[in-house]
Amino acid sequence: MGQQEKVATSLAGAVSEEISASLTAVDDELARRYPGDPGTRQPVHTVYVPGDTFTAGTIRSWGDQALKALDEHAPDAASFAAVLGIPEELAAPVHDRVRAKLGREPVEDLRIDFEDGYGPRPDAEEDEAAARAARLISEAYENGTAAPYMGIRMKCMEAAVRDRGIRTTDIFLTGLMQAGGLPEGLVLTLPKVTYPEQVTAFVRLLEAFEEAHGLPSGRLGFEIQIETSQSILAADGTAAVARMIDAARGRATGLHYGTFDYSACVGVSAAYQASDHPAADHAKAVMQVAAAGTGVRVSDGSTNVLPVGPTHQVHEAWRLHYGLTRRALARAYYQGWDMHPGHLPTRYAAVYTFYREGLEQAAARLAAYVAKAGGDVMDEPATAKALSGYLLRGIDCGALDTAEVARLTGLTRADLDAFASPRRGGLTVTAP
């Protein structure tokens with residue numbers, strides 16, 4: 001073993017105690033502001049349906065329409081892969097999983113829209129639509145036809161529509177309570193946020209509702225939709241979106257990029273408004289940095305190019321959507337918006353290809369990290385966290401199976417959760 005080294009120190013224990021005491025406030029602030037990822041499932045997309053057109057059969061209808069589009073425009077694995085450029089070895093697995101997903105769970109997150117997709121209506125009409133939305137969502141969760149996540153997008157907190165947005169939110173949430181309570185998958189989306197004070201106002205609204213119904217404080221969270229330049233760069237030069245997260249006081253669950261409102265706000269011509277425009281990249285990069293570590297997740301926007309019409313036109317729209325989705329995934333935007341049933345095949349094809357093509361490498365790196373086996377890449381704990389998160393996202397959306405991940409890594413789902421999210425507590429891993 002060799003000679004044992006003598007250990008000597010020069011500082012009294014009081015020095016360490018003094019330093020720790022001086023950083024207590026910082027420690028508390030770090031824990032409050034940057035708790036890390038919540039460790040829950042993030043949907044791969046959000047589907048928006050106007051409040052007057054949503055029905056009990058909407059989700060199943062979207063899945064059926066998506067399957068019909070596949071049957072008509074890419075009836076087998078080879079033709080679908082050829083359209084999108086999916087590698088030959090992944091053609092069948094991706095195609096089969098996409099079809100299974102469309103049959104089993106075509107929509108992961110649905111928002112009944114009372115904002116731009118709904119527009120101004122007589123108060124009595126919107127009142128009735130909001131109450132109907134609450135009833136339909138409650139029934140869907142009760143009978144097992146709901147998407148994992150569902151909710152509404154109300155009108156914003158600007159003066160012209162503020163009262164209407166507050167009333168719709170109240171009617172909707174009250175309807176849910178009367179129907180049995182708030183579902184676990186409930187999501188609210190606050191659009192066109194420009195000032196942090198608007199977030200503060202919405203927090204007050206939710207606090208008042210919780211108080212009125214005896215709900216735990218913080219039960220209601222919400223997404224903040226980023227659709228204006230002022231939400232990225234405030235008049236004083238600060239990143240307003242970071243202040244919005246703080247103003248939400250722990251209730252913010254997501255930042256959603258609004259492709260077309262934001263593009264128009266900064267003067268991008270209609271023909272060039274897209275999620276891969278440099279203006280969009282800048283906005284989402286700021287959102288991403290502001291949200292990092294806070295537990296608030298970032299969502300990409302949508303494309304308005306619909307896969308409709310003759311086959312060649314559908315294929316062009318599919319290639320565009322597939323490419324934009326793959327581009328977003330590479331930039332760590334794991335969620336986006338889908339505006340049409342025809343977008344579902346390419347959403348899932350892009351997501352499934354992304355996870356399946358990296359499965360073996362990610363699994364091998366994680367297994368080597370756990371076993372301290374080395375290899376040609378020297379990974380750190382942060383990378384192990386990212387690798388676990390990658391595999392978990394693939395499992396959650398249906399791209400990967402828990403059994404195949406366990407076979408390749410030697411890790412259980414609980415092991416992966418522990419690596420990916422410090423919130424879940426201590427790590428107990430059975431090494432391969």
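The values are calculated or read from the model by the stated rules, or taken from the named source; none is laboratory data. Keep in mind it's a predicted model, so treat the numbers as computed, not measured. Don't worry about glycine lacking a Cβ; one is built from the backbone with ideal geometry, like all the others, and counts go over all protein chains shown. Side chains included, ligands, DNA and RNA excluded: accessible areas come from the protein's heavy atoms. Shrake-Rupley method; radii C 1.70, N 1.55, O 1.52, S 1.80 Å.
Return the FRET efficiency for the residue pair Ala78, Gln178: r is the Cβ-Cβ distance, R0 is 60 Å, and the value is rounded to the nearest 0.05.
Details: r = 52 Å, r/R0 = 0.86.
Using R0 = 60 Å, I get an efficiency of 0.70.
Can you list the residues, at least 5 places off or on another chain, whose amide H is less than 5 Å from the amide H of Gln335, using H built in the peptide plane?
HN-HN under 5 Å from Gln335: Asp300.
Just the number please: accessible area per residue for region 76-123, 1.4 Å probe, all protein chains included, in Å².
Values: 1950 Å² over 48 residues.
Value returned for region 76-123: 41 Å² of accessible area per residue.
Can you tally the net charge around Tyr322? Count Lys and Arg as +1, Asp and Glu as -1, for every other residue whose Cβ sits under 14 Å from the Cβ of Tyr322.
Computed value for this residue: -1.
Applying 1/(1 + (r/R0)^6) with R0 = 45 Å to the Cβ-Cβ distance of Asp170 and Glu357, what FRET efficiency is obtained, to the nearest 0.05?
That gives a FRET efficiency of 0.45.
May I ask for log10 I(q)/I(0) of the chain at q = 0.06, 0.10, 0.11, 0.12 Å⁻¹, from a Debye sum over the Cα atoms as equal point scatterers with solvent left out?
-0.29, -0.77, -0.92, -1.08
What percentage of the solvent-accessible surface of region 84-239, computed with a 1.4 Å probe over protein heavy atoms, is contributed by carbon and sulfur atoms?
For region 84-239, the apolar C and S fraction of the accessible surface comes to 52 percent.
Once the piece of chain linking Ala208 and Val266 is laid out straight, how much longer is it, given 0.36 nm per residue of separation minus the C-alpha distance between them?
Full extension from Ala208 to Val266 adds 17.3 nm.
Skip the ligands, DNA and RNA, and give the accessible area per residue of region 310-377 with a 1.4 Å probe, whole Å².
Accessible surface, normalised per residue, equals 40 Å².
Tabulate in residue order the Karplus-calculated ³J(HN,Hα) for region 283-294, using 6.51 cos²θ - 1.76 cosθ + 1.60 with θ = phi - 60°, rounded to whole Hz; enter x for Gly and Pro.
Karplus-based 3J(HN,Hα) across region 283-294 equals 4, 5, 5, 5, 4, 5, 5, 5, 8, 4, x, 8 Hz.
Restricted to Cα positions, what overall size does region 42-136 have along the principal axes? Three whole-Å values, descending.
Largest first, region 42-136 extends 55, 27, 21 Å along its Cα principal axes.
Test of understanding: in a Gaussian network model of the chain with alpha carbons linked when under 10 Å, which of Arg393, Arg319, Arg104 would top the mean-square fluctuation ranking?
Highest fluctuation of the listed residues: Arg104.
Once the Cα gyration tensor of region 280-376 is diagonalised, what are the square roots of 5 times its eigenvalues, in whole Å and ordered largest first, as equivalent ellipsoid semi-axes?
Over the Cα atoms of region 280-376, the ellipsoid semi-axes are 31, 20, 9 Å.
Explain nothing, just the number: dipole magnitude of region 97-218 about its Cα centre with +1 on each Lys and Arg Cβ and -1 on each Asp and Glu Cβ, in debye rounded to the nearest 20.
That gives a dipole near 500 debye.
Ala234: net charge of surrounding residues, Cβ under 14 Å, Lys/Arg +1, Asp/Glu -1, itself excluded?
Once positives and negatives cancel, what remains is -2.
Under the Kirkwood approximation applied to all pairs of distinct alpha-carbon atoms, what is the hydrodynamic radius of region 236-277 in Å?
12.2
Give a residue-ordered list of calculated ³J(HN,Hα) values for region 137-152 (Karplus: 6.51 cos²θ - 1.76 cosθ + 1.60, θ = phi - 60°; whole Hz; x for Gly, Pro).
5, 4, 5, 5, 5, 6, 9, x, 9, 6, 6, x, 10, 8, x, 10
Residue by residue through region 323-335, what is 3J(HN,Hα) from phi via Karplus (6.51 cos²θ - 1.76 cosθ + 1.60, θ = phi - 60°)? Round to whole Hz and write x for glycine and proline.
x, 5, 5, 4, 4, 5, 4, 5, 9, 6, 9, 8, 9
Sort Tyr352, Tyr390 from largest to smallest accessible area, using a 1.4 Å probe on the heavy atoms of the protein chains.
Ranked list, largest accessible area first: Tyr390, Tyr352.
Using a Förster distance of 45 angstrom, determine the FRET efficiency expected from the C-beta separation of Glu17 and Arg327, and round it to 0.05.
Efficiency computed from Cβ-Cβ geometry: 0.35.
Starting from the Cα-Cα distance between Gln3 and Leu306, subtract it from 0.36 nm times their residue separation and give me the gain in nm to one decimal.
Roughly 101.7 nm would be gained on extension.
Compute the distance from the alpha-carbon center of region 166-219 to that of region 264-286, in whole Å.
After rounding, the separation between the Cα centres reads 30 Å.
Taking the simple approach of a point 7 Å from Cα along Cα-to-Cβ for both Arg33 and Glu88, what is their distance in nm?
Label at Arg33, label at Glu88, 5.4 nm between them.
On the full set of protein chains, 1.4 Å probe, figure out the accessible area of Leu344 and give it in Å² to the nearest 10.
0
Under 5 Å between amide H atoms, partner at least 5 residues away or on a different chain: which partners does Gln225 have, H built in plane at 1.01 Å?
Amide H to amide H, under 5 Å and 5 or more residues apart or across chains, Gln225 pairs with Leu190, Lys192, Val193, His256.
Where the only charges are on Cβ atoms (+1 Lys, Arg; -1 Asp, Glu), what is the dipole of region 238-301 about its Cα centre, to the nearest 20 debye?
In debye, rounded to 20, region 238-301 gives about 320.
Amide H neighbours of Leu110 under 5 Å, at least 5 residues apart or on other chains, H built in the peptide plane: list them.
Result for Leu110 returns Val47, Tyr149, Met150, Gly151.
Residues of region 316-347 with backbone nitrogen within less than 20 Å of a virtual label 7 Å along the Cα-to-Cβ line of Lys68, please, listed as ranges.
Counting only backbone N, you get 316-318, 338-347.
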